[in-house]
Amino acid sequence: MSERLNEIIDSNLRATPDAKCYWHEGTWHTCAELATLTDAFEDKLKGAGFSKGQRLVAMMPNCPATLALVMATWRLGGAFCPLNEKAGEASLLKTLNLLRPFEVVLSGAVKKDLADAVANAGWPCVTCPDNEALPDFKGKATEPDPEELAVIFSTSGTTGDPKAVPLTHANLIDNCRACLEHVLELRQENVFLNVLPNFHAFGFTISQTLPLFLSAPQVLVPNFMPPQRTLQAIIESECDTLLLVPTMVSFLTALLERAGKKLSHVKILIAGGDRYNAQMDDRVTAAFGTPLLEGYGITECSPVLAVNRNVGVRRLGTVGEPLPRFELQLRDESGKVLSENTAGGCGGASSPTSDQCVSEGVLWTRGPSVTSGYYHAPEITAERFDGEWFNTGDYVQLVDGRIKIIDRVTDIIIVGGFNVYPQEVEAVLSSHPAVQAAVVVGMPSGLSGEVPKAFVIKKPDVEATEAELVRFCKARLSHYKVPRDVEFVDALPLSSTGKVLRRVLRQHEREKAGSKANKN
């Protein structure tokens, strides 16, 4: 049998029983304490009838119980399935029907209405304390999966139906090893922040699993909000390795600036999961005491595909070089290969500009970190996979081996046959002194197919008009890239991981247009 994560982590826990393992609610706990808690969870799962190939769903925060529950599930040959309790009852019930879990483990903070809905749908559920073992319970065995399956992440597909990404122990082990080979500053003596939600692959693999794999301590924070609590945890625990999404970085930077504080103990700051606003880079560096390393990942890749290796070689505006063992291809939107094995430089469709080697297209990848397909969904698998090659859905440039994300293919705005990349327009808007944040989406147009529209959050006490921002863009962009409309907003719709939900903005505009048409 191939390597299993629980065997590697258990070996680490036994080797250093007295070492710091996790910080929770102001107190450090040892590796021996996590091993003991894991033993208790394993006994409870065995007693409930849990066996190889079964799936355990959990809606739990980042806490000691979650660490132990994952480990116990893996020891018994099962797969862990973390879900977001805030995804909505209808969506969650659809996901449970897809996963068919042995049991649903709920945090005590989960609302009773949701717990009742899960039970009424026929799925056994049990409530688990954050820092103690499960009570006695009985689960419901369903058809088993292969034992090599480690975790299943669930998201909504484009139709609104659930889509699940199964990852094996081999996938996760390769991604952990590739991160450590690529970013040498990730070391055993570092103290990792675990604040990203565990139902998100970045949080589960890099914030939670990687420290256990490395035998490094981690700081458990149940959720990021309020940011003041997260900042206090970073300071109190002397956490020096921060893994965040850009929205979290913005919140913490603003807090530190208002308080007139700087974090002098941070060794490494990595952000991924959404676009990093390069306009903030000087402020971020000043606040955290170190430049930010931008990375890029996707759930299907376990998730990290690329990251800037260190401060000395980082290139602002790129997500760095691909991790070891990832092969890359650039294809056009029809799937035709434009350049191949481009990780080390330019491929066949590349052309040098000045002293750089540049190519661009839709990014496809393969490697031992990449899932083999979607869970019980051969049709979706056929749409996104060509053999072992996976379509990330991102349109990128490769510049001297570094990846620059231009946009999601689905977010590209086509104006009269010309491609408009929202990030380019957003970067221009964000450079205006009155703009705190900007998001650009495509709106239907009878004349040109689509037109760009900007949603802008203004900085406090700084004035700007729609016309002023349009003129600002006209001076810096081709005419077809200029937003036809600018709407000032107080906030942007965000996912649970802090990513801007562009589809919500588009849907909002379509509903407004439909309402206006009905009135006419």
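The values are calculated or read from the model by the stated rules, or taken from the named source; none is laboratory data. What you see is a predicted model, and the numbers here were worked out from it, not measured in a lab. With ideal geometry, Cβ positions are generated from the backbone for all residues, glycine too; neighbour counts draw on all protein chains shown.
Summary of values
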quantity: Any hit, the range 240-257, residues being part of a loop (DSSP other than H, G, I, E, B) and closer than 21 Å to N308 by Cα; calculated: yes
quantity: Options L193, L184; residue that is over 22 Å from R4 (Cβ atoms) and part of a loop (DSSP other than H, G, I, E, B); calculated: L184
quantity: Sole exception among (1) out of contact with any Pro (no Cβ under 9 Å at 6 or more places or on another chain); (2) within 25 Å of C31 (Cβ to Cβ) for K163, by number; calculated: (2)
quantity: Filter result for the condition that a residue is modelled with pLDDT of 90 or more and among the aromatic types (F, W, Y), over Y421, Y374; calculated: Y374
quantity: Number of the exception - Q218 against (1) of a type outside the set (D, E); (2) buried (at least 23 other Cβ atoms within 10 Å of the Cβ); (3) touching a Gly at 6+ places or on another chain (Cβ under 7 Å); calculated: (3)
quantity: Selection count where residues are in contact with a strand residue (DSSP E or B) (Cβ under 7 Å, 6 or more places away or on another chain) and either assigned to a loop (DSSP other than H, G, I, E, B) or not assigned by TED's automatic domain parsing to the domain that holds L45 (or both), scope the range 101-129; calculated: 6
quantity: Residue in the range 43-50 that is free of Cβ contacts under 8 Å to residues at least 60 places away in the same chain, crowded, with 17+ Cβ neighbours inside 10 Å, not in a helix (DSSP H, G or I) and not basic (K, R) present; calculated: no
quantity: Residue that is surrounded by the most Cβ atoms within 10 Å (Cβ to Cβ) [pool: residues in the range 84-100 that are at pLDDT below 95 and in a loop (DSSP other than H, G, I, E, B)]; calculated: N84
quantity: Subset of the range 51-83 that is of a type in the set (K, R) and either over 17 Å from V118 (Cβ atoms) or outside the structural domain of A32 (by TED's automatic domain parsing) (or both) - its residue that is surrounded by the fewest Cβ atoms within 10 Å (Cβ to Cβ); calculated: K52
quantity: Of residues in the range 149-187 being of a type in the set (S, T, Y) and farther than 13 Å from A201 by Cβ, the one modelled with the highest pLDDT; calculated: T168
quantity: Matching residues in the range 294-339 - criterion: being of a type in the set (A, V, I, L, M) and over 23 Å from V245 (Cβ atoms); calculated: L328, L330, V337, L338
quantity: Scope the range 430-462; condition among the hydrophobic types (A, V, I, L, M, F, W, C), out of contact with any Pro (no Cβ under 8 Å at 6 or more places or on another chain) and either exposed (fewer than 13 other Cβ atoms within 10 Å of the Cβ) or part of a helix (DSSP H, G or I) (or both); matching residues; calculated: L447
